């Protein structure tokens, strides 16, 4: 006998068939998102990411992508955004198949920036990204913040003033601040940094300072020395050996801390005072010591060779006061040795330990005034109260020549070079309206700017070595091209001229001039050989800096306001970067420094 299906069973089969035939989306699965690893992009570049590689949809539906927060836009599955500056950015987004939506996130690290440190009144500190013109606040409503240094990874070292100054490190990647040396109490001051971005800080009670080494990667602060004087010198050599002056029984000794080995050792601990002077390219550290006869002696310490007295191979200067004056590119130490009324110039070669007389004439006083890029030691010789002459000596070739020898006082104002030819710039006391550029070669050539009025004693050197000179009355500027060996044929003339700084391109420079009772900002364009106006908006302009992106930052009041807002000029257009804040307050802005950082 056949069995009939139960009516309820038939109803269930019919229902399933109806669902299968109806195309209902009740079983549609939402888009599935895989974890997106942290992304990275260089500063100033547009970031793009195709999320199709991280999204699947079971039904193969057409998907729609949208940004929820974090900025940027989608074109299909491809996301793009130009982030403000160095930092970590979280992007929230959604993916929809038309019926169901799935949220997701990913993080983008902007790993580099060209940064400008900007002061806001006397209480704020900002970082400006000169590629995007975006600001990040470092400190606000603080006691007289100031810039100390920038680290290669983008961190900023700064200090806060007040009764007990503090040192802080700001990380633009995480936007976090870390105080250094707080455990020692008292005041703190920045001392130095290593090549890999570790920071050295003196902190503690007066003349009982601790020396801290801060590692920004690990976040650890190590107390590596105690009992340092407030003005103790701290130097880091090319091998990241930290040398410092320790206060021992009222006089200073030299100690060193090996960062790699995490050990401290004594360099010099004689019973007379020793003071650090300089580090050398070969890793040597130069310091002075009071000798047995009361004279000042010089020593050089290197890990590889130990301690060596500089100039000890010349018996005639054993009791002379020896003073560090500079160094050559091969770590030659240039120093003066003074006895009685005579001061001579010597160089000491660490490769062979030999000392060479650079200049010396009985009864005369020779003083080093500069060293050219080609190791040309320029020195002045005081012959009498009314005569000072200038000479040079090449440490490499041994060439020597007179820069200027006349019956008046030769005042060497600067030494500069393009890396090939070096020049000394001399203003004679007999003709102060002339500025002489003298080539530092065996047979020097002299190129004169006859300014028609007294030339100022302050010269300005551009990044490429070119030199800008100014008449004392502010009516003329002239540029000396060190590569061409020539002054401008026609100087720049005007009223109240003043040098600003490097311009947009190599050889350009910014300057100010009074025009119609206001101070305008202009730039000498070296390639076009003419001046261009940066700003003549009706208020007084002040040059602030050339950024590493080749733009010019300057400040000026806007309208009837008295505060200085910050502007940028990109070579053609001006953009105002600051204005009243959210509370409708206005501030004064000025550039404190600049640096580049990357991770």
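Computed from the coordinates by the stated procedures, all read-outs in this text should not be read as laboratory data. Note that this is a predicted model, so its numbers are computed, not measured. Backbone-built Cβ (ideal geometry, glycine too); neighbour counts: all protein chains shown.
Need one word for segment 69-219: rounded, prolate or oblate. Basis is the Cα gyration tensor (sqrt eigenvalues a ≥ b ≥ c); a/c below 1.5 gives rounded, then a/b vs b/c decides. Here segment 69-219 falls in the prolate category. For the chain, the equivalent ellipsoid built from the Cα gyration tensor has semi-axes of 62, 34, 22 Å, listed from largest to smallest.
Using C-alpha pairs under 8 Å with a sequence gap of at least 6, the mean separation divided by the residue count of segment 29-110 gives a relative contact order of 39 percent. In segment 436-489, inverting the average of 1/r over every pair of distinct C-alpha atoms gives 11.8 Å as the Kirkwood radius. Look at the Cα gyration tensor of segment 397-485: its axes a ≥ b ≥ c give a/c of at least 1.5 with a/b at or below b/c, and that counts as oblate. Sorted on the mean count of surrounding Cβ atoms within 10 Å across their residues, most packed first, peptides 115-121, 202-208 read 115-121, 202-208. For segment 248-381, the relative contact order is 13 percent, taking Cα pairs closer than 8 Å that sit 6 or more residues apart in sequence and dividing their mean separation by the residue count. The simple spin-label model puts a point 7 Å past each Cα toward its Cβ; for residue 365 and residue 39 those points are separated by 6.8 nm. Taking a ≥ b ≥ c as the square roots of the eigenvalues of the Cα gyration tensor of segment 29-110, is the shape rounded (a/c under 1.5), prolate (a/b larger than b/c) or oblate? Prolate.
Extension gain for residue 230-residue 329 works out to 32.5 nm (0.36 nm per residue, less the C-alpha to C-alpha distance). Between residue 307 and residue 472, the FRET efficiency estimated from the beta carbon spacing at R0 = 56 angstrom works out to 0.70.
For a modelled paramagnetic label at residue 260, 7 Å from Cα along Cα-to-Cβ, the residues of segment 229-246 in reach, with backbone nitrogen under 19 Å, are 235-244. For the chain, the relative contact order is 7 percent, taking Cα pairs closer than 8 Å that sit 6 or more residues apart in sequence and dividing their mean separation by the residue count. The spacing between segment 302-368 and segment 71-149, judged by their C-alpha centroids, is 53 Å. The distance between label points at residue 205 and residue 272 comes to 3.2 nm (points 7 Å beyond Cα on the Cα→Cβ vector). Ordering 274, 35, 514 from the fewest to the most neighbouring beta carbons within 10 Å gives 35, 514, 274.
With 22 Å as the cut-off, how large is the P(r) tail for segment 243-321, expressed as percent of Cα-Cα pairs? Before the final figure, lay out each step's value.
Details: 750 of 3081 pairs.
So the portion of pairs separated by more than 22 Å is 24 percent.
When all alpha carbon pairs of segment 412-463 are counted in 10 Å bins from zero, the resulting P(r) reads 25, 54, 20, 1 %.
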